[in-house]
Structure formats: structure tokens, C-alpha cells
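What follows draws every value from the coordinates through simple rules; no lab data is involved. Computed from a prediction, not measured in an experiment: that's the story for all the values here.
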Amino acid sequence: MGVVVHRAGVPRSKGTVMAIIFINEPGGGSPNRSPTPEEHHTVVTTPAPTAAKSPAPPPRSVLLDPAFLRLWAGTTASGLATWALPFVLGLAVLHRDLGAAGLGLVLAARTVGFLAAVTVGGVLADRHSRRAVVLWSALAAAAAAPLLAAGLGRSLVLMTFAAALAGAGQGACRPAFQALTADTVEPGRRQQANAAMTMAVRGSTLAGPTLTALLAAFLDVRTLLLGIGALWLVAALAPGKGGVVAAATEAGPGAKASAQQGSAEADAATEKTARTTAEATSESVTGPSPRAGFRAEFLEGIREARRHPWFLAGLAALVAVIALGYSATSVALPLISRDRYGTEWVLAAAMTAYTVGALGGALVIARLRPRSQGWAAFAGLGAYGVAPLSLMLPVHPAVVVAAYAVAGIGIELFNVPWFTATQREVAPDKLARVSSLDFLVSYGLAPIGLALIAPAIDHFGVTPVLAACAAACFLVPAAAALVPTARHFAGTAPTEARTDRLAG
């Protein structure tokens, strides 16, 4: 006999069903008896079945995020403007509007402006709105374009000042763009975002001179300079304000799930930083302290960089490859292309292969998540050594071109995880300053390497110099990989780096 039992005074909650107890005593007892008081007060409840939750849809590609696309458009425009300017000034030399010595002076002024402003931009981007720093620095570079056009053929002093202003705008916006990427994209999608950013830069190195050459058939040099100013206006106005939460809200449910995971990772990183930073602890107790001066804030960025041994090791390896390897190949490749192979084709093909290889490397690393991303990145950086090595030996020109393609692939296998790790591990309020230190050291020492390589080749010969530079490219990244925390570009292995997989 089925009996529905219910304890008096116990309400039946929503979502609960009462069980029917069939009383059947062992040994063949009568099934028609009434339940005992103990049995009457027994309640058996089972929760109502709930609908199975469907798994959250995977996060949308970062390339479908409107906020990131605006940032990417601004970065692409700034890259096109940066790479087009030297080419346009070279056309001015061909048209005899500018002399060779004047070209060198103008380009040197741009480099000085860049190096002088990159640290200022880093401090300002951590102190104020990063979007505002991008806006005003790009507007400064845009304002330099008509000044260059006005001084062309008339005033070398005005052109030199304008070039320094353009370099300052370019330098100030670089660390701000880097930090704004972290503000716009949640941690789970930053590697893909950084790969897209570096593809924009590499694509600009190909498209910038090519488009300029095509336009030069129809436009004069002054008009082309004004066009560069228009590109800087796009760079100033295109990016949005950033913000991970806002971007995830616009992108849909999949991105929201990714943003929640990313926010948790960001919270953990922020908490770790707060535990190790005395200033943050003091501020949380006593309230905001008076703002430090510019020098003090920049030194805070240096101290933050020193907290990460993998960052210092990577910076040393990057400097060795740029100042020695890149500088040596930049000077030696034209000479070897002319003297050994008797044609400029090798020079053009090798440089094109390097850029195409870099684009391919960015495509690969956008999805690949190595188990030990730091070691993999240093291996990619060390691969640049095959470029000077190929120039040492009397090989077929195709081998030189292939070596440059491998070097291009390797450099982006380093760059993208490097930028991503910096955005993940560095304290968010010091990210722009640490990024400015990266650009200052790597870009600042490159001209010194170029200045020293040519006399070294004249004194020692091209083969010994290339051998030394190739050895440095191989050995310095290998030594950097031995530094504690270098294996994962982090104090502990990030979650996404614990399995060797392709990100879906």
C-alpha cells in the first residue's frame, strides 16, 4: 500500500516533491496496516530535477570586439605614419628638396624626440587617462606634418624641429598604447590581441613604403607629408576609452564569461602586488598620499621592473639581439648583397622575408600556448642568430632569404608572449612606465649598435663581426632563460601555460 507521509508543521518548499513509501514488513507482514507514529513523522524528499545548464559559449574572437578594433585601427594608422615618413623624406632627397646631410639630421631629430618622450609618456599614462595620452601625443605628431611640409626646401631648422615633435608624439604614445591594450582586452584574450597588434606593425612596414611609392606617382612630397598627418589624426581619434568590463558587455555572453575569468586573474595579480608594495598598503590605510614628482614616479617604474627577474633577463637578451644582431645584419646585408651576389635582389628579398616571417610568427603565437612560454620565447629570440650566420657563409641566396624568414618568425614568437606577460605580471598602475623602460632601452641602444658596427667591420672584417654577433644572439637568450621565473615569464606557471595546447 502506498502512503504519502508528511511531517506536521514542515512546509513543503517549492521545488520539492513528497515521496510515496511502500510499507512491506520483512517476513510477509500485512500490507494493509496503518503506519506507526514514527513512520508517520518520516519525511522523504527529493529535490525537483533542474534543467541542465548549457555550457557558456566560447568567448568571441578579440577581432570581433569593437573596442579592440578601434584600438587596432589607431595602432595601424600610427604604424603606417611611422614607417612612411622616412620613405617620403627619401623621396624629397630624390627630388632635391632635401640634401643627404639634411635627411640624416631630420631622422636623427626624430629619434631624439622619441627617446626623450617615451619615458614622459609612460609616466603620464600611469598618472592620467591613457586614452588622453594617446590623443594628445598623436595630435602632436599630426601637427608636425604640416610643419615638415612648410619647411621642405625652405628651412632645415623648421624641419628638424618638426621631426623632433613627430618623434616625441610617436614616443609618448607607444607605452600608452601598450597599457591601453591591457585596459581594453581581458587577460584571457590579450595574447591574441598582442598578436593582432604586432601584425599591424609588421603589415605597416610592408604597406607603408609600398603605398607611399604608389601615391608618389600622383602626389608631390608636401601632399604626402600632409597625408602622414592625416594618419596621425586617425591614431588620435580612433581608440576608445578602454575598460575590460565595458568591452565584455558589448561583446556578448561569451566575452562576459571570459571577462569574469580574466577579472579574477587580474584581481589576483593586483592583490599580489598590493601585498608586496609598501606604498599601496600605506595608501589603503591612510588614504591617498601626495603625488610624487616625475623622477620619483619613473624610479617607481624601475623598481617595479626589478621585481620581475624574467623581465630584466628578457630586456638584456632583447638588447643584445637588437644592438648586435639586428645592427650587424642591417649594415652587412647591403654589402654582401652587392659584393658577393652582385645584385640588390638579395637585400630586398631578405628584408621582405623577414617581415613576412614575422607576420607568420604572429599568426602562430596568436593561438599557440607553449607549456613553458618563457623558454619558447627565448628560443624564438635566439633564432635571430641564423641571419648573421647565413651572411658569414658562401651559401645560395635562397638560404639567406630563408634565414631571414626564420629570424622574423622567431622575433614574434618572443614579442607577443613578452608583451602579454608584461601586461599580466606588472602592477596595472605601473604598466606604462615599465613599458616605456622597455622601449627606451631597446630602441635607445639600437642606434649605438649601428654606430659601432660599421667601424668594427672596417677594423676586424665582416666575417669576425658577424660571427661574434651570431654567437651573442644564440648565447645571451640562452643565458637569460636560466634566470629564475624566466621559464614561464612569471613567478609561477600561469594556468593557461600548464598544458601544451592550441587555444580554441
* To do: Could you list which residues have their amide H under 5 Å from that of residue 98, counting only those 5 or more apart in sequence or on another chain, with H placed in the peptide plane?
  => 93
* Structure fact -> Taking placed amide H atoms and a strict 5 Å upper bound, the residues 5 or more places from residue 369 or on another chain that come that close are 501, 503
* To do: Report the Stokes-Einstein translational diffusion coefficient (µm² s⁻¹, integer) for segment 302-354, Rh taken as the Kirkwood radius over Cα pairs, at 4 °C with viscosity 1.567 mPa s.
  => 99 µm²/s
